[in-house]
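In what follows, a single structure is set out as structure tokens and then discussed.
Laboratory data are not the source of any read-out in this text; all were calculated from the coordinates shown. Only a predicted model underlies this, so the values are computations on that prediction, with no experimental measurement involved. Cβ sites come from the backbone with ideal geometry, for glycine too, and all protein chains shown count toward neighbours.
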Amino acid sequence: MVAIVGRPNVGKSTLFNRLTGTRAALVSDLPGLTRDRRDGVTDLFGVNLRLIDTAGLEEARQGSIADRMRKQTEQAIEAADLVLFVIDARAGVTGADTSFARIARQSGKPVVLVANKAEGRKGTDGVLDAFSLGLGAPIAISAEHGEGIGDLATDIFAALGLKIPKTGKKGRDDDDPAAAGDAKTRPPAPARPIRVAIVGRPNAGKSTLVNALLGEDRMITGPEPGLTRDSVASELSYKGQSILLFDTAGLRRKAKITETAEKLAASDAVRSIRFAEVVVLLIDAERPFEHQDLTIGHRVTEEGRALVVAINKWDLIPEKQKALRELKKTVAESLAQVPNVSVVAISARSESGLDQLMSAIIKTHATWNRRVPTPQLNRWLEEALSRHAPPAAAGRRIKIRYVTQPSTRPPTFVAFCQRADALPKSYIKYLTNSLREAFDLPGVPIRFSLRKGE
Ligand code: GDP
Ligand code: GDP
């Protein structure tokens, strides 16, 4: 028996629907509309869970309805074996969240803290704030978009002390690509496409590459919301993995816009970066790493996307070995935020290197989705601290107690530290690099932050 609790409008009903596969339940923007408690059954990894959606936990400030809802929630928690405590990551932690978290804590029941509405990056601060509720590490999800549901299922199992069967059946709506991250504990990768954008300066060869990848089967699936009218997405399949390719440049060329091509390409790039999970930065081997290439590269990591660098027109390069060595060095120096990013030499025109490019995309995507178990993280922390102790501030050594990974896409880590403000940036950098090395996370930006806490 699992109770979904939280203040109104955080997305409890949406999560209930997502987990049970129902669409019928009332979901509304109006706080408190779904007043009644609903029951439903879900099948996670072949285990039946009964879900209670309280959908109306409110502070009993005024009126008897709120009072009743609060009572109902207390009853639901009482009846439950596990509590899913939901907050709205976009809104951050509110007073109501805090006071209801207290009820959940005092119940003594195991609680999984769920930070909902965390699609995109709008929820990042809220996810980090959620630590302050004292309910452990939050798990970032988007009930509406179905993101993070695989990880949530895994956490639910862990909290109930259940083992996930190795070839277990997945929950019906468990369509989270994050689930593919760790083969040992996650169900097999679902058939959700990897969203890939190919960006680069005009003439780098983007259209040629897209055509080469799609071959004869080019199928235009039509404009996607949020992209320009003349950008298209095409789906292709590579060794059973579906890939959704965003191609913003192709049609522009046909429109023969030349004067402002650079500018347009830049804004196209920004849009498709937001849309993509993995960005392929396509570089002209004959004119490598001009200003715009670097700007795009930085943008990709700022937006938290996974990056693959493809050097095109490799057919034109005479001394390939030497050139590749030099290019890799340049990449390492100028894109220092993503050490060991994959650099693949290709020729879109003669269709060589495309296999390596696809493998790099799939591998980098898996890294981007990777979740490192908390015990491993804390073993790493202990080692990292003993190798290089944190400096002292005001005569006392700064202590870092605990580290956890609240979210993936990109991998995001939080360490708890009494005097977080006093820790120098260089030490945080040391920890980030050490973490990246220890858990092998090449080519993806890592978020590492400190929280005040014991
Ligand atoms: P409840 O009152 O806690 O049951 O919340 P609902 O499930 O009724 O959701 C409240 C509002 O939040 C609705 O407009 C939902 O569409 C929206 N919502 C739910 N989940 C998400 C999400 O993952 N992301 C975003 N952006 N909105 C969501
Ligand atoms: P876009 O503006 O980035 O879409 O670039 P295009 O795909 O239109 O390519 C620009 C020019 O580079 C065209 O003349 C292509 O034929 C050429 N080109 C693209 N890929 C290659 C390649 O791998 N080798 C060579 N030699 N030329 C290429």
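Just a few scattered comments:
- Most to least packed among 357-365, 84-92 [average Cβ atoms within 10 Å]: 84-92, 357-365
- Maximal additional length on extending the ALA336-ALA91 stretch stands at 84.9 nm, based on 0.36 nm per residue less the C-alpha distance.
- Estimated distance in nm for a label pair at LEU385 and ARG419, the labels positioned 7 Å out from Cα along Cα-to-Cβ: 1.5
- Taking amide H atoms as placed 1.01 Å from N in the peptide plane, the amide H of SER342 lies under 5 Å from those of VAL309, each 5 or more residues away in sequence or on another chain.
- ³J(HN,Hα), Karplus 6.51/-1.76/1.60, whole Hz, each residue of the stretch 199-213, x for Gly, Pro: 10, x, 5, x, 6, 5, x, 4, 5, 4, 5, 4, 4, 5, 5
- Interchain or long-range residues, amide H under 5 Å from GLU277's placed H: ARG195, VAL196, ALA197
- Local electrostatic count at VAL403 - Lys and Arg +1, Asp and Glu -1, tallied over other residues with Cβ under 11 Å: +2
- Stretching LYS71 away from GLU286 to a fully extended chain increases their span by 70.4 nm, per 0.36 nm per residue minus the current alpha-carbon distance.
- Ranked by the mean number of other Cβ atoms within 10 Å of their residues, highest first, the peptides 72-82, 270-280 come out as 270-280, 72-82.
- Computed FRET value (nearest 0.05) for SER132 with ASP81, which takes r as the C-beta separation and R₀ as 30 Å: 0.70
- Fraction in percent of alpha-carbon pairs per bin - 10 Å, the stretch 374-452: 18, 57, 22, 3
- Note that the stretch 321-328 has calculated 3J(HN,Hα) couplings of 4, 5, 4, 5, 4, 5, 5, 4 Hz, one per residue in order, obtained from phi through the Karplus relation 6.51 cos²θ - 1.76 cosθ + 1.60 (θ = phi - 60°); glycine and proline are x.
- Integer Hz, Karplus 6.51/-1.76/1.60 couplings in order for the stretch 402-411, x for Gly and Pro: 7, 9, 8, 10, x, 8, 10, 6, x, x
- Amide H contacts for LEU51 (H built 1.01 Å from N in the peptide plane; partners 5 or more residues away or on another chain; cut-off under 5 Å): VAL2, GLY40, VAL41, THR42.
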